[in-house]
Amino acid sequence: MGKTLVYPKRDSNTVNRYKHRATYDLGPIHSIINSSQVLHVSFNPGPSDPFPAILPMIGQMGSFDYPSSSIDEPLDCYLHGYVSSRIMNLARASEGDGLPICVAASRVDGLILSLTPNSHSYNYRSAVLHGYAKLVTDEAEKLWAMELITNSVLSQRWKNSRVPPDKPEMSSTVILKVKVVDGSGKIRDGGVSDERKDTENAEVTDRVWTGVVPVWETFGEPVPSPQNKVKEVPEHITEYVRSMNEQNRAYAESAVGVTLPKEEQH
């Protein structure tokens, strides 16, 4: 059995509350990032602006130098953006290691409905990365990252679209490569957790329903555009929708930690 690779614990990424839910393992952290449709990227906009900036972006973990690297090995975070956006300009002007940024992702897997409001919670997965961002200037790496990110939106979409991008498209698109220095994740699964003073109070337990409502992201039926001329929805789309819906539901239900009755599974 191989050694599990972990991010180093530093002041910036050490989890202090509910430490038993924390993980520093590369695999779970990278998986949370890669399975999130939107990443929230924060950075310091500069001395003239007192507020930290945060942007919704799309991105993926990967390694251009070692493309066969698995999810639990060291990876970079590639982010997609527009050439003249503020974060791209700051990264372009940064010196040394690059622009310091934070990348965050979260998934909600269930609503924890307890006896008291204070004990309510979510089943969830969250991850945070800290690193330094630089613009990708090598064209081969930029194309590789664009394909990686496009296929994260929908599997096999790159080769099933008009590629490669033309010169104006390449010029207007910028890829940020984040060299990750640390990261952490936090995962909550299971059921309701109530205090004894409430679980032993019959007046409360006899009238308050408790349990978990599984939550999962669902992809709907593809809707053709008015300009679409392809009669049948391609298999790479229908299969992706089917498999992701099945996968997301299975995880949310397994996170409850109990086997659901058959009538509740379908």
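The values are calculated or read from the model by the stated rules, or taken from the named source; none is laboratory data. These figures come from a predicted structure and were not determined experimentally. Neighbour counts are summed over all protein chains in view; Cβ atoms, including those assigned to glycine, are modelled from backbone coordinates with ideal geometry. The accessibility values were calculated without ligands, DNA or RNA, using every heavy atom of the protein model including side chains. Shrake-Rupley method; radii C 1.70, N 1.55, O 1.52, S 1.80 Å.
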Check your understanding: Can you pull the accessible area of TRP144 for me, 1.4 Å probe, Å² to the nearest 10?
Key -> 60
Exercise for review: Starting from the Cα-Cα distance between ASP97 and THR238, subtract it from 0.36 nm times their residue separation and give me the gain in nm to one decimal.
Suggested key: 46.5 nm
Review point. Which pairs break 25 Å Cα to Cα here: LYS167/LYS231; LYS142/LYS186; LYS134/LYS159; LYS3/LYS142; LYS159/LYS231?
Key: LYS167/LYS231; LYS142/LYS186; LYS134/LYS159; LYS3/LYS142
Review point. For VAL181, which sequence-distant residues (separation of 5 or more, or a different chain) have an amide H within less than 5 Å of its own amide H, given hydrogens modelled in the peptide plane?
Key: HIS130, GLY131, TYR132
Review point. Hey, what do the phi angles of segment 18-25 turn into as Karplus ³J(HN,Hα) couplings, whole Hz, using 6.51/-1.76/1.60 and θ = phi - 60°, x for Gly and Pro?
Key: 6, 4, 5, 8, 7, 9, 10, 5
Check your understanding: If you stretched the chain out fully between GLU221 and LEU111, how much longer would it get, using 0.36 nm times the residue separation minus the C-alpha to C-alpha distance?
Key -> 37.0 nm
Review point. By average Cβ neighbour count within 10 Å, what is the ranking of 88-101, 45-58 from highest down?
Key: 88-101, 45-58
Exercise for review: Mind putting a number on the dipole of the chain about its Cα centre? Charges go on the C-beta only, +1 for Lys and Arg and -1 for Asp and Glu, and I need it in Debye to the nearest 20.
Suggested key: 420
**Study point:** Estimated distance in nm for a label pair at VAL15 and LYS159, the labels positioned 7 Å out from Cα along Cα-to-Cβ
**Key:** 3.7
Study note, to complete from the structure: For VAL6, other-chain or 5+-apart residues with amide H closer than 5 Å (H placed, Pro excluded) are LEU26
Point to revise | Euclidean distance between Cα centres, segment 40-54 to segment 87-135, Å | key: 15
Revision key, fill the gap. With the charge dipole of segment 77-208 built from beta-carbon charges (+1 for Lys and Arg, -1 for Asp and Glu) about the Cα centre, the Cα from GLN156, LEU115, VAL180 projecting farthest to the positive end belongs to GLN156
Revision key, fill the gap. Between [x] 1.18; [y] 1.29; [z] 1.43, the structure-derived Cα Rg over 2.2 N^0.38 Å is [x]
Revision key, fill the gap. Taking R0 as 30 Å and r as the Cβ-Cβ distance between SER48 and ASN118, the FRET efficiency 1/(1 + (r/R0)^6), rounded to the nearest 0.05, comes to 0.10
Review point. Ordered by residue, what ³J(HN,Hα) values in Hz, to whole numbers, does segment 46-55 give under the Karplus form 6.51 cos²θ - 1.76 cosθ + 1.60, where θ = phi - 60° and Gly and Pro are x?
Key: x, x, 7, 10, x, 9, x, 9, 9, 10
Study note, to complete from the structure: Share of accessible surface on carbon and sulfur in segment 110-234, whole %, 1.4 Å probe and ligands ignored, is 52
Review point. Using +1 on the beta carbon of Lys and Arg, -1 on that of Asp and Glu, and nothing else charged, what's the dipole of segment 100-205 about the Cα centre, debye to 20?
Key: 480
Check your understanding: By per-residue mean of other Cβ atoms within 10 Å, what is the highest-first order of 12-20, 114-122?
Key -> 114-122, 12-20
Point to revise | Carbon plus sulfur fraction of accessible area for segment 24-86, probe 1.4 Å, in percent | key: 60
Study note, to complete from the structure: Averaged per residue, the 1.4 Å probe accessible area of segment 13-83, protein heavy atoms only, in Å², is roughly 54
**Study point:** Karplus 3J(HN,Hα) series, Hz, for segment 9-16 with 6.51 cos²θ - 1.76 cosθ + 1.60 (x for Gly, Pro)
**Key:** 7, 10, 4, 6, 10, 6, 7, 9
Practice item. Highest first, please rank the peptides 225-232, 162-169, 76-83 by the mean number of other Cβ atoms sitting within 10 Å of their residues. Key: 76-83, 162-169, 225-232
Review point. If you take the beta carbon distance between ASP166 and HIS40 as r and set R0 to 25 Å, what does 1/(1 + (r/R0)^6) give as a FRET efficiency, to the nearest 0.05?
Key: 0.25
Study note, to complete from the structure: Residues whose built amide H sits under 5 Å from the amide H of TYR122, excluding neighbours closer than 5 in sequence, are ILE112
